[in-house]
Amino acid sequence: PHALVFLEHRQGDLDSASLSALTAASQLGGQVTGLVVGSPEEVPSVVEKARRLNGLNTLLHCASPQYSTPLPETVSPLLEKLLSQNSPFTHVVSAHSSSAKSILPRVAAKLDVPAVSDITSLEHDAASGSTTFTRLIYAGNAISTVRASSSIPIKFFTVRSTAFAAAGAGDAAESEVNALDSVEVSDVPTEHISTSLTKSDRPDLGVASRVVSGGRALKNAETFQSTLYPLADALGAAVGASRAAVDAGYADNSLQVGQTGKVVAPELYMALGISGAIQHLAGMKDSKLIVAVNKVSASLQHCQTPVIRLQDPDAPIFQVADVGLVADLFEVVPELVEKLKQ
Amino acid sequence: MRPSAVRLLNILVPIKRAVDYAVKIRVNPEQTGIDLNVKHSMNPFDEIAVEEAVRIRERLKDAVKSIKVVTIGPPKSAETLRTALAMGADSAVHVEIPDSAPSPEPLGVAKTLKALIERQKEGVDIVILGKQAIDDDAGQTGQMLAGLMGWSQATFASKVEVNPEQKVANITREIDGGLEELRCKLPVIITTDLRQVQLLNEPRYASLPNIMKAKKKPVEKLTAAELGVDITPRLETIKVTEPPKRVGGGKVANVDELLAKLKEAGFTGKRA
């Protein structure tokens with residue numbers, strides 16, 4: 001096999017999700033070529049970092065002003081060209097990022113091959129040329145094992161970053177670096193107007209190794225911030241929120257953990273004032289250590305059948321939590337912050 | 001002479017019937033899939049797409065000529081089409097597949113949609129559909145269709161503003177870590193994000209009169225073969241299994257015990 005890994009970067013640094021995609025590509029057991037696409041200002045410094053990545057045999061790069069914001073409409077033609085003319089590539093791999101998952105299926109369709117989204121494991125059988133993947137369906141409530149046989153000449157897949165460790169750098173020989181000519185697209189139908197990134201000093205929710213999440217029991221936006229942020233900062237954690245907290249306006253959309261928000265699997269997930277709706281559990285149940293602090297009454301206040309729930313003192317979050325504490329989070333969290341600082 | 005009249009917009013909304021989001025799904029004993037003998041409803045992301053199409057017409061009035069919904073699915077998917085018609089779509093296409101047939105893959109769906117678009121005498125200006133279906137969670141159909149058509153695409157949209165005179169759409173989309181704004185020339189493929197619900201689009205409930213009206217709206221029935229499309233899956237599903245059960249339920253009595261557990265697992269305060 002020979003995998004082409006689409007390496008994404010932001011402000012001169014490689015995205016860690018792309019490094020997980022590289023690890024997945026290495027597990028195919030063959031050659032691995034990386035591809036860096038970007039503006040002429042960005043590409044050289046990214047290439048310097050990418051060429052030292054472990055597991056990469058060759059690094060291709062392509063710079064053009066049209067790639068400064070990678071639109072599917074401009075990047076797809078480059079990939080199509082790379083993958084059509086006597087292409088050596090058998091697999092195309094990327095992170096399951098908002099950018100790559102917009103680009104890869106577009107290219108796959110042009111090449112008339114299916115794509116496999118958000119895989120959590122893979123196994124390649126070199127003898128038969130088939131690759132078997134596992135991926136989660138129904139928001140993680142079932143695992144599907146699918147096989148792409150040799151009848152699919154190029155196998156496209158995106159990788160769930162939490163299922164693969166990020167590839168390191170500097171332990172192996174530097175990869176061979178080759179520049180590619182860009183494929184200039186005239187009359188692009190789509191124009192990039194602006195990008196606004198949520199500014200935060202805390203780690204990004206999607207990749208953080210520690211997450212502190214708050215639910216509706218946080219009462220309002222002000223207490224959400226004044227209660228959760230000090231704990232997040234004491235732990236060096238990202239802040240998340242349940243859908244209920246987002247809907248109630250306590251926290252921004254981008255912080256939502258769950259089926260319709262972000263799926264996270266950090267080393268530590270602390271759920272505070274979250275009762276644990278199915279949709280929320282789907283977004284965090286693969287976390288390594290789950291800690292829940294919830295007052296029983298907090299889960300009751302928005303329960304449709306409080307009479308039944310009264311006989312079952314546990315909010316569902318406690319059924320998945322490794323460490324549960326039934327207590328008032330407004331008393332517990334400040335104490336925790338104080339003692340963590342010591 | 002007055003400039004010629006603006007050509008009116010035709011909107012196509014592909015929708016999917018899926019297991020209802022509130023159903024706790026069960027893997028079947030044969031491990032071939034899940035128990036489908038449960039409540040189904042319109043994929044919530046597609047419901048947002050229908051709602052957005054109807055709202056585009058509410059904003060642009062007569063500039064929108066038609067809203068057509070399409071589904072590819074078993075006979076029961078007809079109910080899902082009726083729901084969309086009751087929400088405000090004008091007509092529907094049902095590309096019917098037998099109950100026994102496997103669910104088509106995104107590429108097969110995209111090819112079917114392409115064939116349908118090519119059959120529309122007045123063309124299609126906007127295709128708006130959910131960013132993913134909550135059953136297979138693939139999230140590819142819109143992008144694949146955009147590739148096959150060579151059209152502009154805007155995935156994970158949370159805001160859509162169509163300018164019918166200039167034939168462009170300004171679209172705000174959710175990206176990792178923030179938002180991005182694009183200006184897309186029509187025709188365009190838009191995929192909708194559910195988080196849009198909080199921004200603008202709580203899907204409407206169909207009123208009884210609208211449900212009655214929907215029963216009279218035209219539904220065209222077709223098959224993939226009639227469209228000249230092969231929708232046989234290319235990937236082979238080996239098995240479907242339950243995820244490992246998480247054994248939780250551990251309890252502590254106070255903050256000190258909680259801290260001890262954290263320390264035991266290697267979590268301490270952030271080293272400054």
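Where a number appears in this text, it was derived from the coordinates with a stated rule and is not lab data. Here the structure is a predicted model, which means the values were calculated and not measured. All Cβ positions, even for glycine, are placed from backbone atoms using ideal geometry, and neighbour counts span all protein chains on display.
Annotations for the structure displayed:
- For chain B, DSSP calls about 40 percent of its internal beta bridges antiparallel.
- In terms of overall dimensions, the C-alpha atoms belonging to the stretch A:5-54 reach 34, 17, 15 Å along their principal axes, ordered largest to smallest.
- Put in line by how crowded their Cβ is, counting other Cβ atoms within 10 Å and starting with the fewest, B:T241, A:T74 read B:T241, A:T74.
- Each stretch of four or more DSSP H residues adds -39500 (n - 2.57); spread over every residue of the protein assembly as shown, this sum gives -8000 deg cm²/dmol at 222 nm.
- Of all beta bridges that DSSP places with both ends in the protein assembly as shown, some 40 percent have antiparallel geometry.
- Comparing A:V43, A:V211, A:V185 in a Gaussian network model of chain A (Cα springs below 10 Å), the most mobile by mean-square fluctuation is A:V185.
- Antiparallel beta bridges, as assigned by DSSP with both residues in the stretch A:2-179, represent about 35 percent of the total such bridges.
- Whole-Å distance, taken between Cα centres, linking the stretch A:1-73 and the stretch B:214-272: 28
- Partners for A:K295 among lysines (Cα-Cα distance below 18 Å; same-chain residues under 8 apart left out): A:K219, B:K251
- Cross-link partners for B:K239 among the aspartates and glutamates, with Cα-Cα distance under 12 Å and sequence neighbours closer than 8 places in the same chain left out: B:E30.
- For the residues B:A78, B:A206, B:A92, a GNM of chain B with alpha-carbon springs under 10 Å puts the largest fluctuation on B:A206.
- Amide proton proximity set for B:K239, modelled H, under 5 Å, gap of 5+: A:T145
- Long pairs among B:K131/B:K216; B:K65/B:K217; B:K121/B:K221; B:K114/B:K221; B:K111/B:K131, criterion Cα-Cα beyond 19 Å: B:K131/B:K216
- Mean separation of Cα pairs under 8 Å and 6 or more residues apart, divided by the residue count, gives chain A a relative contact order of 15 percent.
- Remark: chain A projects, on average over all directions, an area of 19.8 nm² (convex hull of Cα atoms).
- Choice from B:L129, B:L262, B:L60 with maximal GNM fluctuation in chain B (Cα, 10 Å cutoff): B:L262
- Amide H to amide H distances under 5 Å link B:V70 with B:V13, B:I15, B:V93, where only residues 5 or more positions off or on other chains count and H is placed in the peptide plane.
- As a length-normalised measure over Cα pairs under 8 Å and 6 or more apart, the relative contact order of chain B settles at 23 percent.
- In Hz, Karplus ³J(HN,Hα) per residue of the stretch B:79-95 (6.51, -1.76, 1.60; θ = phi - 60°; x = Gly, Pro): 4, 5, 4, 4, 4, 5, 5, 5, 6, x, 5, 8, 8, 9, 10, 10, 8
- The stretch A:2-179 - percent relative contact order, Cα under 8 Å, separation 6 or more: 31
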